[in-house]
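What follows draws every value from the coordinates through simple rules; no lab data is involved. Just so you know, these numbers come straight off a predicted model, no measurement behind them.
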Amino acid sequence: MRLDKYLKVSRLIKRRTVAKEACDKGIISINDKVAKSSTVVSVGDIIKIRFGERVTTVKVVEIKEHVLKNDAKEMYEVIA
């Protein structure tokens, strides 16, 4: 699954266009490499998202195409 779609489906970022813009600005990295919005996300990948001074680090646990709002948090595990 594409990174921008994963961020939207998992609800780490609310809109896919916002996720794409964040990737284009270099705010998001996968496994310590700056990622493009088209980067393929796999189970076990570590995603880091920088929101200003705060860095959110999550591990991809599961990949699904469609998820209910309550089940979205099961797609990742917060590390830091």
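Brief remarks on what is shown
- Shape box of the chain [Cα atoms, principal axes, largest first, Å]: 28, 25, 21
- Working from Cα pairs under 8 Å separated by at least six residues, relative contact order for the chain is 28 percent.
- HN-Hα J in Hz across the stretch 31-47 - Karplus 6.51, -1.76, 1.60, θ = phi - 60°, x for Gly and Pro: 6, 6, 10, 4, 10, 8, 5, 8, 4, 7, 9, 10, 4, x, 5, 9, 10
- Pairs of lysines in the stretch 12-80 (C-alpha under 14 Å apart; 8 or more residues apart or interchain): 11
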